[in-house]
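The values are calculated or read from the model by the stated rules, or taken from the named source; none is laboratory data. All values reported here derive from a predicted model rather than from experimental measurement. Backbone-built Cβ (ideal geometry, glycine too); neighbour counts: all protein chains shown. Only protein heavy atoms, including side chains, enter the accessible area calculation; ligands, DNA and RNA are left aside. Shrake-Rupley method; radii C 1.70, N 1.55, O 1.52, S 1.80 Å.
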Amino acid sequence: MAINILIKKTGPYVVSGDLSQLEIADADGKKVDISGKQAIALCRCGASTNKPFCDGTHSKIGFLAAEAAVKTEG
Ligand code: FES
């Protein structure tokens with residue numbers, strides 16, 4: 001099963017699928033435990049107090065994302 005990333009319009013990146021092979025690490029290389037998760041929501045507004053995960057704060061701050069996906073040439 002593939003890993004899917006759904007870009008929410010004004011919220012997180014929702015990652016779902018077979019997460020058993022997915023690894024997440026912070027800038028220092030410290031791994032983030034996602035074992036047993038069926039899906040995760042990664043913060044992209046920068047305001048979560050539970051980074052790298054979304055905690056819903058994007059709604060409170062009125063986060064507006066840029067384009068969900070930018071087309072590339074080629
Ligand atoms: S995207 Fe939800 S708290 Fe940042």
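Summary of computed values
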| item | result |
| --- | --- |
| With all protein chains modelled, accessible area of VAL32 [1.4 Å, Å²] | 40 |
| Stretch in the chain that is longest and holds no trypsin sites (Lys or Arg not before Pro) that DSSP places in a loop and that have at most 11 other beta carbons within 10 Å | 31-70 |
| Label-point separation, SER16 to ASN50 (7 Å along Cα→Cβ), nm | 1.8 |
| Simple Cβ-charge dipole of the chain, Lys/Arg +1 and Asp/Glu -1, about Cα centre, in debye nearest 20 | 260 |
| Proximal aspartates and glutamates to LYS51, defined as alpha-carbon separation beneath 19 angstrom and excluding residues fewer than eight positions away on the same chain | GLU23, ASP26, ASP28, ASP33 |
| Within the accessible area of the chain (1.4 Å probe), percent carbon and sulfur | 52 |
| Accessible surface, the chain, averaged per residue in Å² (probe 1.4 Å) | 76 |
